[in-house]
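The values are calculated or read from the model by the stated rules, or taken from the named source; none is laboratory data. Not measured: the values here are computed from a predicted model. No Cβ is skipped: glycine too gets one built from the backbone with ideal geometry, and neighbour counts run over all protein chains shown.
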Amino acid sequence: MNAFPLLHDYTFQVVALGAALLGMTSGLIGSFAVLRRQSLLGDVVSHAALPGIAAVFLMTGTKDTVWLLIGALCSGLAATGFIIGVVRYSRVKFDTALALGMSVFFGLGLVLLTYVQKIPNANQAGLQRFIFGQAAVLLKSDILVIAVTGAVLLALTLLFWKEFKLLSFDPEFARSLGFPTRSLNVLLSAMTVAAIIAGLQTVGVILMSAMLVAPAVAARQWTNRLGVMVALAALFGAISGVAGTLASSALPKLPAGPAIVVAADVLVLVSLAFGRARSGRGRKGGGAGPCLPSLRSS
């Protein structure tokens, strides 16, 4: 008799694999968002995906995941462009632009969703999974989307590793070396959007930002090297995905998306309590900024 029947359950394997891949992708991209102090960008983009989802449903009447995600991607990119444009062409600060972008796009999404709900004979039930997440209904096609997105983002990260590293720690120095910092900023923002959109069906627009930030924050507590931090963040993200799926499967009334986020938050608390890199035990000298020595040595 199998002592761990849950591990051999097909549904659990599919959901756990999708959650693990999402965690790895989120940890990879979230590391740069955390280091660049743009963690709230993920929150804005995830909320800004809602009007794109509702608009696609209104225009096509379909609840096909691919089309809805395309709508979410377009809306997320529009929100990112809106924020970048506001910061570049006005005196509004970045944090204010983030708050403005989230309120505008999320408010528009709620208006469109309310309108959809009032349309006679409109079956909008499938749209709810993008708000709160519904990892339990992940299919192989959904996992393929997450896997392809993660592979593309990993390839771009490796290809532009040196540029992203300099941009994260010393953008002025990168600009002095002739790097196209504006283009790199846009590329990193677009990669953040892609990572968020890939995970909407799993944890939803409300919790996706936590999935992007938590593994990176936990990893930052254990190392001062960027390469190690990114690898640890991907590992912590995968562990959170599997642990949350396991808890949700063991407790039938526990939703998988929130359970995954809670697992990631537990890793953050443990890392804050015992991580050596951000404590006096793990630092040599206190003059340099966080991670800057490792940037030059790694």
Being part of a helix (DSSP H, G or I) and aliphatic (A, V, I, L, M) is the requirement here; does residue 254 meet it? no
Among the listed residues 233, 216, 198, identify the single one that is in contact with a Lys or Arg (Cβ under 9 Å, 6 or more places away or on another chain), within 14 Å of residue 30 (Cβ to Cβ) and small (Gly, Ala, Ser). 233
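Please work out which residue is farthest from the chain's Cα centre (by Cα), limiting yourself to the range 133-156 and to residues that are polar (S, T, N, Q) and at pLDDT below 85. Before the answer, list the steps.
In the first step, residues of the range 133-156 are kept if they are polar (S, T, N, Q); the result is 134, 141, 149.
The next check asks that each one be at pLDDT below 85; those that pass are 134, 141.
Working: 134: 16, 141: 20 Å.
Within the range 133-156, the match that is farthest from the chain's Cα centre (by Cα) is 141.
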Suppose we filter the range 198-237 for residues that are more than 13 Å from the chain's Cα centre (by Cα) and assigned to a helix (DSSP H, G or I); how many remain? 12
Can you find a residue that is at pLDDT 50 or above, buried (at least 18 other Cβ atoms within 10 Å of the Cβ) and either under 21 Å from the mean Cα position of the chain (by Cα) or of a type in the set (D, E, K, R) (or both) anywhere in the range 273-295? no
Residue count, the range 167-193 (criterion: surrounded by 22 or more Cβ atoms within 10 Å (Cβ to Cβ) and not polar (S, T, N, Q)): 4
Sort out which residues of the range 10-51 are touching a residue at least 40 places away in the same chain (Cβ under 8 Å) and over 22 Å from residue 156 (Cβ atoms), and write them in order of number. 11, 12, 14, 15, 16, 17, 19, 40, 43, 47, 50, 51
Criterion violated by residue 232 - all others in (1) crowded, with 21+ Cβ neighbours inside 10 Å; (2) closer than 25 Å to residue 102 by Cβ; (3) hydrophobic (A, V, I, L, M, F, W, C) satisfied: (2)
Looking for something surrounded by 22 or more Cβ atoms within 10 Å (Cβ to Cβ), more than 19 Å from residue 104 (Cα to Cα) and not polar (S, T, N, Q) - is there at least one such residue anywhere in the range 54-66? yes
